[in-house]
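Each remark here refers to the structure printed beneath this line.
The values are calculated or read from the model by the stated rules, or taken from the named source; none is laboratory data. Computed from a predicted model, the values in this text were never measured in an experiment. Virtual Cβ from ideal backbone geometry, glycine too; neighbours counted across all protein chains shown.
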């Protein structure tokens, strides 16, 4: 008996060491996300829209129509209405005979720029303020938390009107207003996460060995906040795009002749009855873009939830069990020599024994 145990021990020692491969949270998130067809389709839509926006000058050169160039002879009908979609104007023209397709692409550049840049600035500010407020507590937390509440309660249009009346409408004013009303929501969520994380054992251990608060926040806490912050940022981008379109629609944002989805919709107000394309295509561009970002944000949020892995695994196991049952039923029917029923698992009728009767 001892000889057998010694032999097994030597075999174990001589066996090659196999490394257990570990996967990071981001790898697991991507594995769950790529099974979400809606999220992947939304990501593809966003990439297509971004590519079209980047290639806007190329399309302008291809069509020979600049974003502010007017074509009164071909872009306006004999009745004075905008020309409809044609080989010359792919999505029709506006009231001044400008190419609507080119203007929508240039409007996408502004919308995506405002959405991404303002969200990035607001995310950095919100994460920094929320972490400081939640970690230090006391008077610091009280002061910063009341500042967050004030920003969330501040009237949106009142601030915009005040800034526009003082400095005039511009892209910079739009970005300042959107950033001001975006950072506070992110800061509030980060503060709540900080109040929970700072009580964890590994944070107490870092404090006990004399690690500075800034290093604890940067090294130990910030990586645990990246997941929720990424979801918040993804969902904040469509909000910023809609806010820019709203301000431009009201005349408080991007001013003509610079194209924006908001001022395109504002210009279509008087022509939607006779020129449906003037209203429908800019509205569709705005709808598709914001919907894609929202669906992608929902997909990322679900992918970061560990329970999603079990849902996908359960669905995959059910699918494999169904396929195995189907194969087993087909094999049984093939062995019996009888046709399959509609369910694919049983014989259509009993098999007759003996000679065939005439």
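Observations on the model:
- Filter pass, residue 124 being surrounded by fewer than 20 Cβ atoms within 10 Å (Cβ to Cβ) and either at pLDDT below 90 or not in a loop (DSSP other than H, G, I, E, B) (or both): yes
- Hey, residue 243 within 15 Å of residue 107 (Cα to Cα) and touching a residue at least 12 places away in the same chain (Cβ under 8 Å) or not: yes
- Looking across the range 92-105, the residues that are more than 11 Å from residue 65 (Cβ to Cβ) and part of a loop (DSSP other than H, G, I, E, B) come down to 92, 94, 95, 96.
- From the list 44, 49, the one residue that fits, being out of contact with any strand residue (DSSP E or B) (no Cβ under 8 Å at 6 or more places or on another chain), surrounded by 13 or more Cβ atoms within 10 Å (Cβ to Cβ), closer than 25 Å to residue 236 by Cα and modelled with pLDDT of 90 or more, is 49.
- Qualifying position, being surrounded by 16 or more Cβ atoms within 10 Å (Cβ to Cβ), in a helix (DSSP H, G or I) and modelled with pLDDT of 90 or more, among 284, 279: 279
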